[in-house]
Protein chains: 2
Amino acid sequence: MPVRRADVIDAAMELLDESGLDQLSTRRIADRLGVRVGAIYWHVKDKDELLAELADRVVGSCLDGVPVPDGGAEPPTAPPSAPVADPAARLTAAAHAVRDAMLAHPDGAALVAGHAVPGPNSLVLADRLCGIAREAGLPLPLAAVAGDTLLSYVTGFVLQEQRRGDPLHHHPNTSVPAPGFAPDRLPHLAAALAEGLPDDDTAFAAGIDLLVTAVTSRARPRR
Amino acid sequence: MPVRRADVIDAAMELLDESGLDQLSTRRIADRLGVRVGAIYWHVKDKDELLAELADRVVGSCLDGVPVPDGGAEPPTAPPSAPVADPAARLTAAAHAVRDAMLAHPDGAALVAGHAVPGPNSLVLADRLCGIAREAGLPLPLAAVAGDTLLSYVTGFVLQEQRRGDPLHHHPNTSVPAPGFAPDRLPHLAAALAEGLPDDDTAFAAGIDLLVTAVTSRARPRR
DNA sequence: ACCTGAACACCGTTCAAGT
DNA sequence: ACCTGAACACCGTTCAAGT
């Protein structure tokens, strides 16, 4: 039976999960499908189109964890009077969902940052974040900016988080770069290090808390 | 006269500025230096080492715009009683300096995000941000997180900003993705669009303002 | 110390031609 | 509709050998 477009995307996703973004070549995808390289160009215009599809899938996988604001078009699956978390909690939940989705795949953040041309799922995500910010009481141009700010932060955070985990850039015997740490030239970093640095999870949570507090404290009540 | 390591980095930087990150190949660098490919591997271990050097240069070019906190080791060039902006203004200035440095080169954000293994300049930048946050009154583990948060945000923001400017991902006749915008499925985005979206500069300033306010409002006065 | 020549093992992309 | 064969124009990296 013939290979279909979805098969190509699936194979690419498996390859990504197994060996990361820079092992992901059209030729490897073809191999995995038992087909010659040229064949995949019948299903897909570009490697870039392929990566954009992958990126939008990753974004899509977070949508279940991103609350739908009230103005949304989707019919509520729970009764409308179900307990609705306050906007701050919803923004926090959304941010964690986005991070988790990126962390679920090697180089997930790099993929999304590099190729999430506004795919359908990215648009839905942006819409929801903007909607939640509005429900938090932000006026319209600011609400869009707030959603964008949150997304930029999450992307930036996970990007460096995943690069730290990359064995290519990791010296295993030193928790922080050995190469001439110059301890007295970096007094604050050294002090922070002595105090004990938080792990990624708590650093992320703290950053999100900072941001969400900023967003919601900027709000004036809507009605 | 022989090529020196710095010449290789310089040539790479020129190439980056002329044609962006994915036109930057070891062979093109060699051509520009009038030398064969193999030669550049005498000066540089890896393409990655080269990119890390470029990234740290870009970061370094922002340091002049990043205030040195009082705990810093550098001797002050201005008299110590010179007017010192409040921490919020210093954080804001730092963020803008980082963004400007990235914007000064095509794919500057991608370069820094992908290859700023803690180079010396990146460490100095992190140290200063942490220091300013401390001066703003944040206790130590939190100050480090705050600096990191700011950096992640700036990186994430400029990353998407520079990708939007990339002609590869840009449909010139529509300001927002034409492909089936599904206007009623994205009510908040549509509303924001109708209201008129802010340009990159003001969106960035608004995001930074949000963040800086959050950071400084978390502070308790230090003395 | 610095470079050449030449190779190795890859890439993405295109396209006539086949079925 | 879907794929092969084969080519084109590239890559990063290594390494003996030259000077």
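Hey, among the residues in segment B:128-146 that are open to solvent by 10 Å² or more (accessible area, probe 1.4 Å) and part of a helix (DSSP H, G or I), which one's farthest from the other protein chains (Cβ to nearest Cβ)?
B:135
Quick one: how many residues across segment B:21-51 are touching a residue at least 40 places away in the same chain (Cβ under 8 Å) and more than 12 Å from DNA strand D (Cβ to nearest atom)?
Number of matching residues: 0.
Which members of segment B:96-129 meet the condition of being among the charged types (D, E, K, R) and within 17 Å of residue A:114 (Cα to Cα)?
Across segment B:96-129, the qualifying residue is only B:107.
Any residue at all in segment A:106-114 that is open to solvent by less than 40 Å² (accessible area, probe 1.4 Å) and over 10 Å from the mean Cα position of the chain (by Cα)?
Looking for residues that are open to solvent by less than 40 Å² (accessible area, probe 1.4 Å) and over 10 Å from the mean Cα position of the chain (by Cα), one finds at least one in segment A:106-114, hence yes.
How many of the residues making up segment A:1-28 are assigned to a helix (DSSP H, G or I) and more than 8 Å from DNA strand C (Cβ to nearest atom)?
Count: 17.
Among the residues of segment B:204-217, write down those that are at the interface with chain A (Cβ under 7 Å from one of its Cβ atoms) and in contact (Cβ under 8 Å) with a residue 40 or more places away in the chain.
Answer for segment B:204-217, where residues must be at the interface with chain A (Cβ under 7 Å from one of its Cβ atoms) and in contact (Cβ under 8 Å) with a residue 40 or more places away in the chain: B:207, B:211, B:213, B:215.
Could we say that residue A:178 is among the small types (Gly, Ala, Ser) and either closer than 30 Å to residue B:119 by Cβ or modelled with pLDDT of 95 or more (or both) here?
yes
Which one of the conditions (1) farther than 25 Å from residue B:95 by Cα; (2) modelled with pLDDT under 95; (3) within 11 Å of chain B (Cβ to nearest Cβ) does residue A:86 fail to meet, given that it meets all the rest?
(3)
So residue B:185 fits all but one of (1) modelled with pLDDT under 95; (2) within 9 Å of chain A (Cβ to nearest Cβ); (3) open to solvent by less than 40 Å² (accessible area, probe 1.4 Å); what number is the exception?
Going through the list (1) modelled with pLDDT under 95; (2) within 9 Å of chain A (Cβ to nearest Cβ); (3) open to solvent by less than 40 Å² (accessible area, probe 1.4 Å), residue B:185 breaks only (3).
The values are calculated or read from the model by the stated rules, or taken from the named source; none is laboratory data. Just so it is clear, the structure is predicted and the values come from calculations on it, not from any experiment. Glycine gets a Cβ as well: all are built from the backbone with ideal geometry, and neighbour counts include every protein chain shown. Ligands, DNA and RNA are stripped out before the accessible areas are found, and what is left, the full protein with its side chains, is counted by its heavy atoms. Shrake-Rupley method; radii C 1.70, N 1.55, O 1.52, S 1.80 Å.
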